[in-house]
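Here the structure comes first, spelled out in structure tokens, and everything after it is commentary.
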Amino acid sequence: MKTQKMPREKLISIIEEQDKRIAELEKMVEWFKTQFHLAKHKQYGVSSEKTHLNQMTLFNASETTADSTQEMSKITEVKAHYRKRTRLTTDKLPEDLPVEIIEHELPEKDRSCPECGSGMHTMGKETREEIKLIPAKVVILRHVRHIYACRNCEATSDHVPIVKADMPEPVIKGGFASPETIAHIAVQKFMMASPLYRQEQEWKQYGILLSRQTMANWLIKAKDWLEPLYEKMKQRLLEHEVLHADETTVQVLKEPGKAAQSKSYIWLYRTSGEAEKQIVLYDYQPDRKYNRPREFLEGFSGYLHTDGYEAYHRLPDNIIVVGCLAHLRRKFCEGLKILPKEKQKESQLLKGVEYCDELFRYEREFALLTPKERFERRQFLSKPLFDEFYSWMEGLCVLPKSMLGRAIRYAREQKKYIERYLMDGRLEISNNRAERSIKPYVLGRKNWLFCNTPAGARASAVYYSIIVTAMENGLNPYQYLTWVFTQMPNLGKRGYAATVDELLPYSAALPEKVYVPTPKKEPEKYAWEEE
């Protein structure tokens, strides 16, 4: 039986269609390989995006170490000197620590000379120092209030005056928690990232059965004393002209109308580096909608540093959104990380990283300048390089779905926001300040995993705001919270703070004991100075 031959034109059409399908599948496989390598690197690789100088090709290594703000100085010969080798450590003990002296002496019977038998005297001493840690000590504070009455009135009058001695109000009425106890629990959870179930085991070591539910209730109730501070800090924050914002996820199990597995969000707002006193606020919200920052920032007018999230771009016109060059640089770095080392030096991705690194290098040089001087130097050095960077990207012809194509597309979309840092000397080139401030919450979340209720999530946002702001202003969070929980229930009474403003973590009225002691740094000695 004869088989019918297929027309040549149809064969060619089928082959072309197959070739097209194969090309599409190859692109898909390449895309999946890229995503696999990137996910693998994120999970197991080094998270640092630091660029090594020997990797740089676009800018000369000598230029990366030069200071463009200073003129070239004359080269002079200096006599060689030698520095005494010291321990490579930054360990330092405060000078005001109590010292416990232990004397090690020979017994009386052993103080005879082994040669002649005569008595021996102390001719010198050898000394070594050790740091001794004394574990926490738990005690019960029993407040006893004396009540006074008049003996004469008791005997002669039908009215006997009763006078009670002053006694401070407790931080939680009807409970046995002291300010020190709640401060300790709060610092352990929100600063040291120790969940309440671990703290429950810690209390057991002292023979105290304190449940995690009780500790959670204490934190939520004591949060009411911190709310006035939070509101005052928010009011002061919105008076600044330059802010930073970021957000991260949090799981709340009993969120009304939502499944336990759904995501809620913690939004971060903080002051910029130009502020004299730093304020960091966390705000819990059940979603990531654009109206959340709009509502929080109501009354604010100025510059807002953010990442590329679209919700920030829908803020009112009186808020000027400033983009982040670090996020753009990360797009190039992600593509660079999945390339073999031998191909990285010739990659256009590396060239994009180098442009970003050079712009960041300028910012390090401008760090100590005034805002006006920084603005002028940026116009002279940074702006031409920024324009050159974007002109280089516009001249590239790349596949839109490749890592380089994605980085360039992101750069084009974010250009009008990123370049705004050149508008004012107070602005920063990146939103890394907010990224660093959101990190304490992210580290804590990895340990305590979730919040049980919205009230608990709100409480955690308030505690993080108070503790991180205290740390930013050089305070000891435990001492500061103890001070606040002692003062707030007795606000306005004799011997206590008169107003909430006196208790703010950047107030000049705070006592010395709430600050972290700063050890004096001894000047480094050279060999000839010791001689």
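For the reader, a short list of remarks on this structure follows.
- Derived scalar couplings ³J(HN,Hα) [segment 163-176; Karplus, 6.51 cos²θ - 1.76 cosθ + 1.60; whole Hz; x for Gly, Pro]: 10, 9, 5, 5, 9, x, 6, x, 5, 10, 5, x, x, 10
- Convex hull of Cα atoms in the chain, direction-averaged projection (nm²): 54.3
- Under 5 Å between amide hydrogens, built in the peptide plane, is the criterion, and for residue 431 it picks out 325, 326, 327 among residues at least 5 positions away or on other chains.
- The phi-based Karplus calculation (6.51 cos²θ - 1.76 cosθ + 1.60; θ = phi - 60°) puts the 3J(HN,Hα) values of segment 233-243 at 5, 5, 4, 6, 4, 6, 7, 6, 9, 9, 10 Hz, whole numbers, x for Gly and Pro.
- Inter-probe distance in nm under a simple model that places probes 7 Å from Cα toward Cβ, at residue 341 and residue 136: 4.7
- Between the alpha-carbon centres of segment 143-220 and segment 357-405 there is a gap of 57 Å.
- With K and R counted +1 and D and E -1, the other residues having a Cβ less than 11 Å from that of residue 508 yield a net charge of -1.
- Remark: the residue 502-residue 155 segment gains 120.2 nm on full extension, using 0.36 nm per residue and subtracting the alpha carbon distance.
- 3J(HN,Hα) along segment 459-472, derived from phi through the Karplus expression 6.51 cos²θ - 1.76 cosθ + 1.60 where θ = phi - 60°, amounts to 4, 4, 5, 5, 4, 4, 4, 5, 5, 5, 4, 4, 5, 5 Hz, with x in place of Gly and Pro.
- Rg over Rh for segment 324-430 works out to 1.00, using Cα positions for both radii and the Kirkwood form for Rh.
- Per DSSP, loop chymotrypsin sites (Phe, Trp or Tyr not before Pro) in segment 120-225 with at most 14 further Cβ within 10 Å: 176, 206
- Other-chain or far-sequence residues with amide H under 5 Å of residue 265's (modelled H): 250, 285, 287
- A cut-off of 5 Å between modelled amide H atoms, ignoring neighbours fewer than 5 places along the same chain, links residue 247 with 268.
- The chain, relative contact order [Cα under 8 Å, separation at least 6], %: 20
- Cleavage-rule hits, trypsin sites (Lys or Arg not before Pro), segment 98-186, DSSP coil, Cβ neighbours within 10 Å at most 14: 111, 125, 128, 132, 137, 142, 145, 173
- Relative to the current alpha-carbon distance between residue 309 and residue 512, full extension at 0.36 nm per residue lengthens the span by 68.9 nm.
- Contact order for segment 324-430, expressed relative to its length and based on alpha carbon pairs under 8 Å spaced 6+ residues apart, stands at 41 percent.
- Rounded to the nearest 0.05, the FRET efficiency derived from the C-beta distance between residue 372 and residue 420 at R0 = 22 Å is 0.80.
- DSSP bridge orientation in the chain - percent antiparallel, rounded to nearest 5: 70
Taken together, the values in this text are just the output of simple stated rules run on the coordinates, not laboratory data. These numbers come from a predicted model, not from an experiment. Here Cβ is always computed from backbone atoms with ideal geometry, including for glycine, and neighbour counts include all displayed protein chains.
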